[in-house]
Amino acid sequence: MNLLTALQDGQGDAADALRIDGLALSRERLLGAAGAVAARVGGARAFAVVATPTAQTVAAVVGGLLAGVPVVPVPPDAGPVERAHILRDSGAELLAGADGELPPGLAALPVDLAEQHDFADAEPAPERPAFVLYTSGTTGPPKGALLSRRAVAADLDALAAAWGWTAEDTLVHGLPLFHVHGLVLGVLGALRTGGKLVHTGRPTPAGYAAAAGSLYFGVPTVWSRVAADEPAARALAGARLLVSGSAPLPVPVFERLAALTGHPPIERYGMTETLITVSTRFDGERRPGSVGLPVAGVATRLVGEDGEPVPADGESVGELQVSGPTLFDGYLNRPDADAEVRTADGWFRTGDVAVLGPDGFHRIVGRASVDLIKSGGFKIGAGEVEAALRDHPAVADAAVVGAPDADLGQAVVAFVVPDGAVTGDQLTAFVAERLSVHKRPRRVVLVDELPRNAMGKVLKKRLLEG
Ligand code: MLC
Ligand code: AMP
């Protein structure tokens, strides 16, 4: 079966099947533009796409998938250090959305929507990689997660079943197109399932309110902003389903959203490496603070620090481990990192701490590591930001933490021991020149020294308390 079933079968097309960046495109036109890309990328080792929220990005991504070339989305705001890492590590030979000089071995591939081509090559094998998605770890530069076409298809079908998602739906969101949430679910989901897709550019309450969709995706920061904007929230009353994910949805936001829209939101849990594995269902209970049940084909278990199973009693905590057809195939060029996240019996260690109820409902209670920060739904490795800060000549030492934040869930805060005259604003700007914009510290605290334990490890919990 085709990966992008609805896009490729031509059924039920509409002139505005895709609305993005002020443009409306039919699926036929999108497929034609993607076909033109596919005809030019075929045979490349990997195809990088600067993932601006535009129809050109969608056509480029779909073109890569049609041709069976792994697509590597690049955050448009990635600083030069982060971008160079992604391009080099992925082995990309072509780049769509290029602006400026390219390193040797990489050629620009301009995307022109007017260029239409009927690409008729056979569907690539399901085990071929669909994407290399870069995701942050606790230390070092982001790792490229290899996601097969099979994993993507399995996850989208499982989510369609859990959410009653059909070709009758109009999906609305304004999330970035370089992560699982906005790209895999938010674009490919609509192209596999059918129906219309409206991308609002940015995920603003006003944009969501104006879109008249049936199915809405957002990270908790987006839902919290919608819930704080009563007219925007009330405008979503006509929707069918509101879905939250990528970070914990605070219970008060769940409740206010339910009260204003009449829709208790669906909460679902996932990771770049596993796609979305647990969700509440459109026809089941939606419980505040809970992400529900494993989706079709996925199995979960809780494991204690001693490696022993943790009972599903609604109160014992353990690491959540998952297995099933939606799992990634490994980190590109990083067998060491891959070995760390797999158990001997083939399960994936999420690093998230959870509680499992006797009814099978999952509650995510936190992360095992303080060094993985979720801010506005973006995952940020403390180590990557610390390394960027330490590159500054006036920084002797740095520790980065995720401080609780009502809007963002966690905010990136840097504690810096200066070595010379430097301001917090200068350091924030310095990070922004290297890494993606959302990795900038929101606050920089200059300190004389960092608290450390006898082993020399920074006591981050103490920094958070102080
Ligand atoms: C931000 N700003 C800063 C700053 N940080 N300025 C100075 N210093 C800093 N440290 C600027 C921004 O650039 C912006 O400026 C303004 O402040 C507001 O920033 P913001 O508060 O971050 O808001 P916004 O830009 O609107 O971003 C919030 C958000 C965004 C929710 C829209 O965080 C977002 O798109 N999140 C989605 C992440 C996501 O898709 N994750 C999915 C991962 S996949 P200006 O000038 O631009 O207005 C995954 C798997 C799964 O997790 O389960 O789904
Ligand atoms: P990423 O690597 O960006 O895909 O982020 C994955 C991480 O986001 C998970 O390991 C969780 O920590 C977090 N996450 C995703 N969805 C949820 C959710 N519904 N509730 C709590 N945390 C979530």
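With respect to the conditions (1) within 16 Å of ligand 1 (Cβ to nearest atom); (2) open to solvent by 50 Å² or more (accessible area, probe 1.4 Å); (3) out of contact with any Lys or Arg (no Cβ under 9 Å at 6 or more places or on another chain), Asp306 falls short on a single one, namely (1).
Could you name every one of the strands (runs of 3 or more DSSP E) located completely within the range 101-180 that has at least 2 residues being over 16 Å from Leu191 (Cα atoms) and not basic (Lys, Arg)?
Once the strands (runs of 3 or more DSSP E) in the range 101-180 are filtered for at least 2 residues that are over 16 Å from Leu191 (Cα atoms) and not basic (Lys, Arg), what remains is 129-135, 143-148.
Filtering the range 344-362 to residues that are in a loop (DSSP other than H, G, I, E, B) and open to solvent by less than 30 Å² (accessible area, probe 1.4 Å) leaves Gly357, Gly360, Phe361.
Beta carbons closer than 8 Å, at least 6 apart along the sequence or on distinct chains, pair a first residue in the range 190-205 that is of a type in the set (A, V, I, L, M, F, W, C) with a second that is within 16 Å of ligand 1 (Cβ to nearest atom) and part of a loop (DSSP other than H, G, I, E, B) for Val198/Ala211.
Looking across Ala206, Ala210, Ala190, one residue alone is in contact with a helix residue (DSSP H, G or I) (Cβ under 7 Å, 6 or more places away or on another chain) and at pLDDT 95 or above. It is Ala206. The residues listed here are Lys374, Lys379, Lys439; of these, the one that is open to solvent by less than 20 Å² (accessible area, probe 1.4 Å) and within 15 Å of ligand 1 (Cβ to nearest atom) is Lys439. Counting only strands (runs of 3 or more DSSP E) that sit wholly inside the range 188-285, those with at least 3 residues that are within 12 Å of ligand 2 (Cβ to nearest atom) are 266-271, 275-279. Inside the range 22-67, residues that are without any contact (Cβ under 8 Å) to a residue 24 or more places away in the chain and in contact with a strand residue (DSSP E or B) (Cβ under 9 Å, 6 or more places away or on another chain) make up a count of 2. The single condition among (1) touching a Lys or Arg at 6+ places or on another chain (Cβ under 9 Å); (2) in contact (Cβ under 8 Å) with a residue 60 or more places away in the chain; (3) closer than 30 Å to Trp223 by Cβ that Ala399 does not meet is (3).
Would you say Gly218 is crowded, with 24+ Cβ neighbours inside 10 Å, among the small types (Gly, Ala, Ser) and either touching a Phe, Trp or Tyr at 6+ places or on another chain (Cβ under 8 Å) or free of Cβ contacts under 8 Å to residues at least 12 places away in the same chain (or both)?
Values: crowded, with 24+ Cβ neighbours inside 10 Å: yes; among the small types (Gly, Ala, Ser): yes; either touching a Phe, Trp or Tyr at 6+ places or on another chain (Cβ under 8 Å) or free of Cβ contacts under 8 Å to residues at least 12 places away in the same chain (or both): yes.
When the stated conditions are applied, Gly218 passes them.
The values are calculated or read from the model by the stated rules, or taken from the named source; none is laboratory data. Everything quoted here is computed from the prediction, not taken from an experiment. Every residue, glycine among them, receives a Cβ derived from its backbone with ideal geometry; neighbour counts consider all protein chains shown. Just so you know, the surface numbers come from the protein's heavy atoms only, side chains and all, with ligands and any DNA or RNA stripped out. Shrake-Rupley method; radii C 1.70, N 1.55, O 1.52, S 1.80 Å.
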